[in-house]
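Q: Sharing a structure here in C-alpha cells format.
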Amino acid sequence: MLRITDTLTIADWELTETFSRSSGPGGQNVNKVETAVELRFEAERSPHLTSPVKTRLKRLAGRRWTTDGAIVIRAEETRSQIRNRELARERLVEMIRQALVAPKRRIATKPTLGSQRRRLEAKAVRSEVKAGRAAPKDEE
C-alpha cells in the first residue's frame, strides 16, 4: 500500500514493478545486476482517484501516460535496486499530490480607469513620435 495523503492511499494491485539492467557506464556490476526499476501505476482503473484528478494527472504525466491509462516511471539513478524503488515511488506520490491540487479559477476583472487613461496617453505619445519621423510634406 502506497500512502499519498492522510486520506488517500493506493492499493498494491494498482502498482507493478519490473526490474532490468541499468543503461550507461558502471563496469562489471551493470552487466549482472538488475537495479533499474520501472513502476507502473494503473491510474485510469484506480477507484481511489476522482475523474478531475485523473485528468490533471494525465496532463502532468505527459508521455509517461500510456494508451491504456497507466503511468510508467523509470528510475535508474543509483546502483541500489531498493533506492531506485524508493525514488520511483516518491516521484509517483509527488505527481499524484500535484494532481490533487485543483487550480484556482481566474476571476476576470475590468481595467481601472487610471490604467485605461495611461494606456491611451502612451499610445498618443508613441503616435506623435512616429508621426515626427515622416518625411515633410511639400507645400506649394
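Read the figures in this text as sums done on the coordinates, not as results from a lab. Treat the numbers as computed from the prediction; the structure is a model and nothing was measured. Cβ placement follows ideal geometry from the backbone for every residue including glycine, while neighbour counts extend to all protein chains displayed.
Q: Starting from the alpha-carbon convex hull of the range 2-100, give the projected area averaged over all orientations, in nm².
A: 6.5
Q: List the residues whose amide H sits under 5 Å from the amide H of Leu8, counting only those 5 or more places along or on another chain, with H placed 1.01 Å from N in the peptide plane.
A: Placed amide hydrogens put nothing under 5 Å from Leu8.
Q: Pick out, from Ser127, Leu92, Thr7, the residue whose Cα sits farthest towards the positive end of the charge dipole of the chain, with +1 on the Cβ of Lys and Arg and -1 on the Cβ of Asp and Glu.
A: Selected residue: Ser127.
Q: Please get the size of the charge dipole for the range 2-100, origin at its Cα centre, with Cβ charges of +1 on Lys and Arg and -1 on Asp and Glu, quoted in debye to the nearest 20.
A: Values: 18 positive and 14 negative charges, 61 e Å.
Computed about the Cα centre, the dipole is about 300 debye.
Q: Normalised by the number of residues in the chain, what is the relative contact order in percent for Cα pairs under 8 Å and 6+ residues apart? Write down the numbers at each step before the final one.
A: Working: 143 pairs, mean separation 28.0, N = 140.
Computed over the chain, the figure is 20 percent.
Q: Counting other Cβ atoms within 10 Å of each Cβ, which trypsin sites (Lys or Arg not before Pro) in the range 80-140 have at most 16 and sit in a DSSP loop? Write out the running numbers ahead of the final one.
A: Details: sites: Arg83, Arg85, Arg89, Arg91, Arg97, Lys104, Arg105, Arg106, Arg117, Arg118, Arg119, Lys123, Arg126, Lys130, Arg133, Lys137; in loops: Lys104, Arg105, Arg106, Lys137.
Of the trypsin sites (Lys or Arg not before Pro), the ones in loops of the range 80-140 whose Cβ has at most 16 other Cβ atoms within 10 Å are Lys104, Arg105, Arg106, Lys137.
Q: Per residue of the range 8-16, what does 6.51 cos²θ - 1.76 cosθ + 1.60 with θ = phi - 60° give for ³J(HN,Hα)? Whole Hz please, x for Gly and Pro, Karplus curve as stated.
A: Each residue of the range 8-16 in turn: 10, 10, 10, 6, 5, 5, 7, 10, 10 Hz.
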